Amino acid sequence: MTALNDLIRPDRYPRSSTYDPAWLLRLDMGPNPLWMLEDLAADLDLRPGMRVLDLGSGRGATSVFLAREYGVEVVAADWWIAAEEAAAVFAEAGVGDQVTAIRAEAHDLPFEQESFDAIVSIDAFEYFGTADSYLPYLARFLRPDGQLGMATPGMTREVRDLGAIPPHVKEVVGWEAIAWHTAEWWRFQWEITELVRVTSARLQPDGWADWLLWARACAEFRPDGRAQNQPVIDMLIKDGGEFLGFALVTARKS
């Protein structure tokens, strides 16, 4: 068995396991996006024909998954990836008629109010969504009772409560870890606005192990993978789930 084979896990992630892991790694912009999305979607009610914003869609793997698996109409918005590059991925995957790619910054979204049935964000919210004012801004684009779901690197305890970023985490990701919050931090952050009703907020207990499988596959598959991923592998092995995981949070607009 190679590390690439370890990314096929039909017992845990049946939908994601139908996708070629080599294809997914070529679109890599963060750990195991389809696993997180498949897990998150279990707490959402996505139905064919819904209009869904994939916020921070990267090179497009999550948007392909949303269109294929749930039959939704997707707007794939990312700031770092050109719309033309993402659109080529969607066309090749056969979902070009379901997914529209745009280049947009998360604080300057070019949409009308109440224009989406759902907003989904996988491994991106930590870059733009921690400010107190962000949820009120984002919620305006959801229709009444619309759904919001995001998966983001999370911590078992708040860095503020720990008094410092754990050294093995700080060595690899530096100050970025101050944006990695507990699921309960996100619950409070969203609920206090009274703009949404949080329907689930949980930290994957084995999210760090999923991340480790992904990092090992990247190290094996990508030409420069070992140099880039070995520090992450070492961090995750040292952590062993003590601090690191992924926070998965869903809500409905009030």
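The values are calculated or read from the model by the stated rules, or taken from the named source; none is laboratory data. As the structure is a prediction and not an experimental result, all values here were calculated from the model. Note that each Cβ is placed from the backbone with ideal geometry, even for glycine, and that neighbours are counted across all protein chains shown. All accessible areas refer to the heavy atoms of the entire protein, side chains included, with ligands and DNA or RNA removed. Shrake-Rupley method; radii C 1.70, N 1.55, O 1.52, S 1.80 Å.
Shown here for region 79-174: trypsin sites (Lys or Arg not before Pro) in loop regions (DSSP other than H, G, I, E, B) with at most 15 other Cβ atoms within 10 Å, namely ARG140, ARG157. Across the options LEU203, THR250, ALA227, the greatest Cα extent toward the positive end of the charge dipole of region 124-254 (unit charges at beta carbon of Lys, Arg, Asp, Glu) belongs to THR250. Shape call for region 70-200 from the C-alpha gyration tensor, a ≥ b ≥ c root eigenvalues: rounded (a/c under 1.5), prolate (a/b greater than b/c) or oblate? Taking the square roots of the gyration eigenvalues as a ≥ b ≥ c, region 70-200 is oblate. When only the Cβ of Lys, Arg, Asp and Glu is charged (+1, +1, -1, -1), the dipole of region 191-254 relative to its Cα centre reaches about 260 debye. For the options ALA101, ALA179, ALA82, a Gaussian network treatment of the chain with springs between C-alpha atoms closer than 10 Å singles out ALA82 as fluctuating the most.
Sparse packing (at most 13 other Cβ atoms within 10 Å of the Cβ) combined with a DSSP loop state is found for the following GluC sites (Glu not before Pro) in region 56-124: GLU105, GLU112.
Note that region 159-254 shows a convex hull volume over its alpha carbon atoms of 111 Å³ per residue. Helical content alone sets the calculated 222 nm signal of the chain at -10500 deg cm²/dmol, taking -39,500 (n - 2.57) per DSSP H segment of four or more residues and averaging over every residue. Scattering from the chain was approximated by placing one identical point on each alpha carbon and applying the Debye formula without solvent; log10 I(q)/I(0) at 0.12, 0.13 1/Å stands at -0.68, -0.81. Based on the Stokes-Einstein relation at 37 °C and a viscosity of 0.692 mPa s, and on the Kirkwood radius from alpha carbon pairs, region 1-101 is assigned a translational diffusion coefficient of 239 µm²/s. Counting only protein chain heavy atoms and rolling a 1.4 Å probe, the accessible areas of HIS168, HIS107 rank, largest first, as HIS107, HIS168.
Of the trypsin sites (Lys or Arg not before Pro) in region 1-96, the ones in a loop by DSSP (not H, G, I, E or B) with at most 15 other beta carbons within 10 Å are ARG12.
Accessible surface for ILE237 stands near 90 Å², nearest 10, in the context of the full protein assembly shown (1.4 Å probe).
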